[in-house]
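The values are calculated or read from the model by the stated rules, or taken from the named source; none is laboratory data. Owing to the predicted nature of the structure, the values given are computational and were not obtained by experimental measurement. Neighbour counts run over all protein chains shown; Cβ positions are idealised from the backbone, glycine included. These area figures cover heavy atoms from the full protein model, side chains too; ligands, DNA and RNA do not enter into them. Shrake-Rupley method; radii C 1.70, N 1.55, O 1.52, S 1.80 Å.
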Amino acid sequence: MAGNFWQSSHYQQWILDRSDLLRERHDDLKHLSQEDYQKIMIFFANVIQALGENLKLRQQVIATATVYFKRFYSRNSLRCIDPLLMAPTCIFLAAKVEEFGALSNNRIITSCQQVLKSKFSYVYPQDFPYRQHQILECEFFLLEAMDCCLILYHPYRPLLQYIQELGQDENLLQTAWRVINDSLRTDVSLLYPPYLIALGSLHLASVILQKDLKQWFAELTVDLDKIIEITKEIMSLYDLWKAYDEKKEIPKLLQSMPKPNPAPSRPPSQGANGQDVGGNSQAAQQTQLSQGVQ
């Protein structure tokens, strides 16, 4: 692990520009509005959260899995790999990286079956369509997309430090902590360093609780404009939630989502003689991974 955030791959490779995100999503945004795209991302973040809770994972593991999911689709179209397969794959990888321990084959598949049946049957009335070997294959593509940059810095630790400076206000801590969890449904984890997300969440929590922290924020040597940007982005999420009926809207949105390609989304590696390395297995493998629930 890097000694600090500024030396880490998180900072050096995975703090993105908003223009980069829009460019990479160009193909998906031909079929979906930005708001509809966000609703789909919110839905699968909810799937990851439900899987994590069913598996009794720590919140940090769930947060890592959610960021992995967002990283993959920040560089790939939704048509590349079915998000319903990518979601448990991110949980599977995050549990190992965050030292929770490897999840057994039966446990993660059983959890997927239970969660879909109990919470998301209005979208997926049939059984979870994937098996462990497909999650293991999907993990390879996830690792490749992230360039094996697995260590994440979350806003939880800097939040605890700021709360200590403010005198251990438990109510403020709990509210800001929930705001950080909500922020995982936005793009802020891809756009801003975690300490700024912690400050943005703390600022919003202070507004919610009507606590005056203006003087404390004024004394910070940080970019206050960035904090306001983060606060506005999270508030936009709350505004969207007010009018968003997930059970009613998400089935139709998933139908309009770009469907997985019937062939690999990029050509397989070529050997010196011009033949595909590994024969047809790579094409068959990625085709299998990209099979969506019809």
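In table form, for the structure just shown:
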{"quantity": "Cα centroid separation, segment 1-67 to segment 180-221 (Å)", "calculated": "18"}
{"quantity": "Among the listed pairs LYS214/LYS247; LYS30/LYS248; LYS70/LYS252, those beyond 31 Å (Cα-Cα)", "calculated": "LYS214/LYS247"}
{"quantity": "Accessible area of segment 109-173 belonging to carbon and sulfur atoms, whole % at 1.4 Å probe", "calculated": "51"}
{"quantity": "Neighbourhood charge, 13 Å Cβ-Cβ cut-off, centred on LEU32 and excluding it, Lys, Arg +1 and Asp, Glu -1", "calculated": "+1"}
{"quantity": "Ordering of 87-93, 21-27, 238-244, 55-61 by packing [mean C-beta count within 10 Å, highest first]", "calculated": "87-93, 55-61, 21-27, 238-244"}
{"quantity": "Total formal charge among the other residues, if their Cβ is under 14 angstrom from that of ARG58, Lys/Arg +1 and Asp/Glu -1", "calculated": "0"}
{"quantity": "Using alpha-carbon coordinates, inclination of helix 170-183 to the longest axis of the chain, degrees", "calculated": "30"}
{"quantity": "Ratio Rg/Rh, restricted to segment 1-127 and using Cα atoms, in which Rh is the Kirkwood radius", "calculated": "0.99"}
{"quantity": "Gained length - ILE15 relative to PHE217, 0.36 nm times residue gap less alpha-carbon distance", "calculated": "70.4 nm"}
{"quantity": "Volume in Å³ per residue [convex hull over Cα atoms, computed for the chain]", "calculated": "150"}
{"quantity": "C-alpha long axis of helix 105-119 to longest principal axis of the chain, angle in °", "calculated": "70"}
{"quantity": "Helix 156-165 axis, angle to the chain major axis (alpha carbon atoms, nearest 10°)", "calculated": "0"}
{"quantity": "Net charge of Cβ neighbours under 12 Å - reference THR175; Lys, Arg +1; Asp, Glu -1", "calculated": "-1"}
{"quantity": "Relative packing of peptides 196-204, 222-230 - highest average C-beta neighbours within 10 Å first", "calculated": "196-204, 222-230"}
{"quantity": "Mean accessible surface per residue for the chain, computed with a 1.4 Å probe while every protein chain stays in place, in Å²", "calculated": "49"}
